[in-house]
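Okay, so here's the structure we're looking at.
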Amino acid sequence: MGKSRIRWHIVVFLAPAVLVYTAVMIFPLFNTLRLALYTEVEQSRVFVGLDNFRRLFGDPLWSEAFWNALGNNFWFFFIHMLVQNPIGIALAAILSHPRLRFAAFYRSAIFIPTILSFVIVGFAWKLILSPIWGIAPDMLKAIGLKSLYAPWLGKEEYALTTLALVSVWQFVGIPMMLIYAALLSIPEEILEAAEVEGITGMSAFWKIKLPLILPSIGIISILTFVGNFNAFDLIYAAQGALAGPDFSTDILGTFMYRTFFGFQLQLGDPHMGSAIATSMFGIILTGVCIYLFVIQTRIRRYQF
């Protein structure tokens, strides 16, 4: 048997990308994990093991803010799962209908907000919803619903949900396009066979199309989970680093930002900030593993 030849051209072409990815992703990740195990004592770095995590989870000085931010993160994620992804699936099902006119225009119009800057979206919606100079009160008044208006971004009980819905408006085009592509990839022979059996319309979607696009829905769910637990930009653009009112929109991203870099009278603490970042990484990794297990189980159930 001849010796297997090493394909050096593959190594040469992959090396730059691997080096760049290692420099900007892998090394900072492990350096963050390392920083979380130290603290500053009299301007010298001291190894403290898991003590930073004990303070983060158990010390009232840190734990109250951490658990508040984590709870807000979960709520932010649930809004996207319950509103964004079902709407995206519904839009994809409608836009994939072969008889729909101007489908390309509708797809483009819905997808355009996803390419807008977070700063533009956050500032624009803050102006729209403003009780002083925003257009939302006048729009509701024009249709006789002025009584429903409230300063949603200024009330603790509404602010986070409002920002989550703004994020849904911005990113609903992503699940729509992914599901749309999955629906188009379904072989016509399967749909024609279903029509012969009398399965058409909504019945065909629930019995034929939905089981076939479950892998795509699973990928969208994972992307939604990872994206929402890495969220920061929209909250920061609309509510600032303090994530008001009274930290009601504070999520792990803004909490880590204030802790790591400091803000106003709060001094930066890179070690506690690294502990928060490491906790975020652990939560995301655990969530992705659970999602993959559940999705794989559901897919096997549909297959057998």
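The values are calculated or read from the model by the stated rules, or taken from the named source; none is laboratory data. Predicted, not measured: the structure shown is a model, and the values here were computed from it. Positions of Cβ are generated from backbone atoms using ideal geometry, with glycine treated the same way; all protein chains shown enter the neighbour counts. Surface areas here come from the heavy atoms of the whole protein model, side chains and all, with no ligands, DNA or RNA. Shrake-Rupley method; radii C 1.70, N 1.55, O 1.52, S 1.80 Å.
Things worth noting here:
- Counting only helices (runs of 4 or more DSSP H) that fall entirely inside the range 207-304 and contain at least 3 residues that are under 30 Å from Ala182 (Cα atoms), the qualifying elements are 214-229, 270-303.
- Residue, farthest from Ala182 (Cα to Cα), within the range 70-108, restricted to residues that are open to solvent by less than 60 Å² (accessible area, probe 1.4 Å), out of contact with any helix residue (DSSP H, G or I) (no Cβ under 8 Å at 6 or more places or on another chain) and aliphatic (A, V, I, L, M): Ala104
Okay, residues lined up against (1) open to solvent by 30 Å² or more (accessible area, probe 1.4 Å); (2) modelled with pLDDT under 85; (3) among the polar types (S, T, N, Q):
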{"position": "Ile190", "(1), (2), (3)": "yes, no, no"}
{"position": "Glu195", "(1), (2), (3)": "yes, yes, no"}
{"position": "Thr200", "(1), (2), (3)": "yes, yes, yes"}
{"position": "Asn230", "(1), (2), (3)": "yes, no, yes"}
{"position": "Ile235", "(1), (2), (3)": "no, no, no"}
{"position": "Gln239", "(1), (2), (3)": "yes, no, yes"}
{"position": "Thr254", "(1), (2), (3)": "no, no, yes"}
{"position": "His271", "(1), (2), (3)": "no, no, no"}
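- Residue among Leu160, Leu148, Leu153, Leu140 that is open to solvent by 60 Å² or more (accessible area, probe 1.4 Å) and farther than 21 Å from Ser216 by Cα: Leu148
- Single residue of Phe281, Phe263 found to be of a type in the set (Phe, Trp, Tyr), surrounded by 12 or more Cβ atoms within 10 Å (Cβ to Cβ) and at pLDDT below 90: Phe263
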